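Report on one structure; see the data block that follows.
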Amino acid sequence: MPSQQIPLIMEIIDNIVSPDDRKRKYTDRQILKVLIVLQIFNISYRSARIFLTNHEEYIRMAGLNEIPSFQTLSRRARMIDLHAVNNEITYLYSIESIAAIDSFIIHTCKHSTAMRRKAWNNYKDPVSGWSKTTKGWSYGRKCHMAIDVDSLIIMEWMVTKGNMHDSHVSHDMVDSVRDFSYVLADSAYDASDIYDYIFENTHALPVIDTNRRRGIVDNRLPLNRKIGIDMRKEYASMYPLRWEIERTFSILEEILKCENIWYTVNRDYDTAIGLKTIAYNLMIISNMELGEKPREIMKIVNC
C-alpha cells in the first residue's frame, strides 16, 4: 500500500513538468514519475519491470499502459533536463532566506579497487580522483551542493573530479543562491575571491568559518576578507545552521545511496545525482504538505 506522499509527489511532478509538444509513447511526465519512484525505493532500471509489475498502483499513478524497458528508462533519464526540473521545484517551494553550500564524495568504486589501481596508475574513470576528507583519503567524484536551510530543499548540485577543491566551483554554487539573505559555508570557502564574488554579484551576506591557516593579521587582510571575518563573529549564532547541509548529505548517502555509485550508464553522475536530488526534494515537500516532519522520509522509503 503506497504512502500518502507518493500520490502527492505524482501531483507535484504534474505541476512542474510541462506537457510534451511531440507525441511519444511515454511522456516526460510519465518517465520522470517512474524514475522518481525507482529512486525512492532504490530500484535499478533493470529491476523496474519486476518491481512495477508487483506494484501496479505506481503504473496507474504514472498514467502508463505498459512498463518502459530499462533501455528506454536509461536513455530518457539522460534526455530530461533535471536541473530545469529542480529549478521549477525551488521556484515554487524555496524560502530564499538562509543558504548553505558544501560538498561530499561519491565513491565510484570500492576502496580496495581504487588502492589497487593506484598502485598500477590504471584508473578506469579519468574524472574520479583522490580527496582528503574527515574520514581519510577517499577516491571518487565530488558532489557540490547548495541548500535552502529553512525549507531543506536542495537548490543546485554539480559533480566534479574528486580532487577539485570546493573554492574552484564556489562561484557556481553561490550563483544558485544569489537571492538569499545569507550564505553559510565552512572554512574551505574562506578566500578573498569568494568574498569579492558574493559582495559584488549577490544580495547575500557571507557567514563563512575562518581558516586560520591562511592567516588573520588585520593589517594584511584584503578588505572583503576582513569584512567577512567580522561577519562570522557578528553572526556566530547563525553559523550552526550550516549543519543542515551535513544532515542532508547523511540522508543522501545513507537512504538514497549517494555515497557509493559504482555503476551508472556512461558514467553520467550528473543524472544519477540529479534524480536522487529531485526524489529527495519531492519527499521533503510532500512531508511538509502533509504536516509531517520534512526529513522523516523513511516512512515513504519503507512503505
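The values are calculated or read from the model by the stated rules, or taken from the named source; none is laboratory data. Just so it is clear, the structure is predicted and the values come from calculations on it, not from any experiment. Glycine also receives a Cβ, built like all others from the backbone with ideal geometry; neighbour counts cover every protein chain displayed. Heads up: the accessible areas ignore ligands, DNA and RNA and are worked out on the full protein's heavy atoms, side chains in. Shrake-Rupley method; radii C 1.70, N 1.55, O 1.52, S 1.80 Å.
Data for the structure
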item: In Å², nearest 10: area of Asp209 left accessible to a 1.4 Å probe; result: 50 Å²
item: With all protein chains modelled, accessible area of Ser128 [1.4 Å, Å²]; result: 10 Å²
item: Simple label model, 7 Å out from Cα along Cβ direction - Gln4 to Lys132, nm; result: 5.0 nm
item: Ranked order, Leu152, Leu223 - accessible area, probe 1.4 Å, largest first; result: Leu223, Leu152
item: Calculated FRET value between Leu92 and Asn201, using beta carbons and R₀ = 25 Å, to 0.05; result: 0.55
item: Region 73-175: trypsin sites (Lys or Arg not before Pro) in DSSP loop, at most 11 other beta carbons within 10 Å; result: Lys124, Lys135
item: Hydrodynamic radius (Kirkwood) for region 42-121, which is based on Cα pairs only, to one decimal in Å; result: 17.0 Å
item: Shape box of the chain [Cα atoms, principal axes, largest first, Å]; result: 70, 51, 36
item: Computed lengthening from Glu289 to Lys110, 0.36 nm per intervening residue step minus Cα-Cα distance; result: 60.6 nm
item: Counting DSSP beta bridges with both ends in the chain, the antiparallel % (nearest 5); result: 70 percent
item: Principal semi-axes in Å for region 235-303 [√(5λ), Cα gyration tensor, largest first]; result: 24, 18, 10
item: Using θ = phi - 60° and Karplus 6.51 cos²θ - 1.76 cosθ + 1.60, couplings along region 262-267 (whole Hz; Gly, Pro as x); result: 7, 8, 8, 4, 6, 6
item: 222 nm mean residue ellipticity, helices alone, for the chain (DSSP H n ≥ 4; -39,500 (n - 2.57); rounded to 500); result: -13500 deg cm²/dmol
item: Pairs of Lys in region 107-178 closer than 17 Å at Cα, counting only those 8 or more apart or on different chains; result: 13
item: Calculated FRET efficiency for the pair Lys233/Glu296, C-beta based, R₀ 41 Å, to 0.05; result: 0.70
item: Selection from Tyr195, Val183, Leu152, by position along the positive dipole direction of region 142-196 (Cβ); result: Leu152
item: GluC sites (Glu not before Pro) restricted to DSSP loop in region 61-105 with at most 10 other C-beta within 10 Å; result: Glu66
item: Diffusion coefficient, µm² s⁻¹, Stokes-Einstein with Kirkwood Rh over alpha-carbon pairs of region 87-190 at 37 °C and 0.692 mPa s; result: 221 µm²/s
item: Gaussian network model of the chain, Cα within-10 Å springs - most flexible of Glu244, Glu57, Glu253; result: Glu57
item: Karplus-derived 3J(HN,Hα), 6.51/-1.76/1.60, for each residue of region 14-25, Hz, glycine and proline x; result: 4, 7, 9, 9, 5, x, 6, 7, 9, 7, 9, 4
item: Accessible area, probe 1.4 Å, largest first, for residues Trp157, Trp243; result: Trp243, Trp157
item: Gyration tensor over alpha-carbon atoms, region 149-290, equivalent ellipsoid semi-axes in Å; result: 30, 18, 13
item: Base-10 log of normalised Debye intensity for region 1-81 (one unit scatterer per alpha-carbon) at q = 0.13, 0.15, 0.19 Å⁻¹; result: -0.36, -0.48, -0.80
item: Label zone at Asp172, where the point sits 7 Å out along the Cα-to-Cβ direction: region 116-143 residues whose backbone N lies under 13 Å; result: 142-143
item: Hz values of 3J(HN,Hα) by residue in region 180-190 - Karplus curve (6.51, -1.76, 1.60), Gly and Pro given as x; result: 7, 7, 9, 10, 9, 7, 7, 5, 5, 9, 7
item: Nitroxide proxy distance, nm - points 7 Å out along Cα→Cβ at Asp81 and Asn121; result: 4.2 nm
item: Solvent-accessible area, 1.4 Å probe, carbon plus sulfur percent, for region 183-303; result: 49 percent
item: DSSP-assigned coil residues among trypsin sites (Lys or Arg not before Pro) in region 208-303, each with at most 13 further Cβ atoms within 10 Å; result: Lys257
item: In degrees, nearest ten, helix 269-289 long axis to first principal axis of the chain (Cα); result: 80 degrees
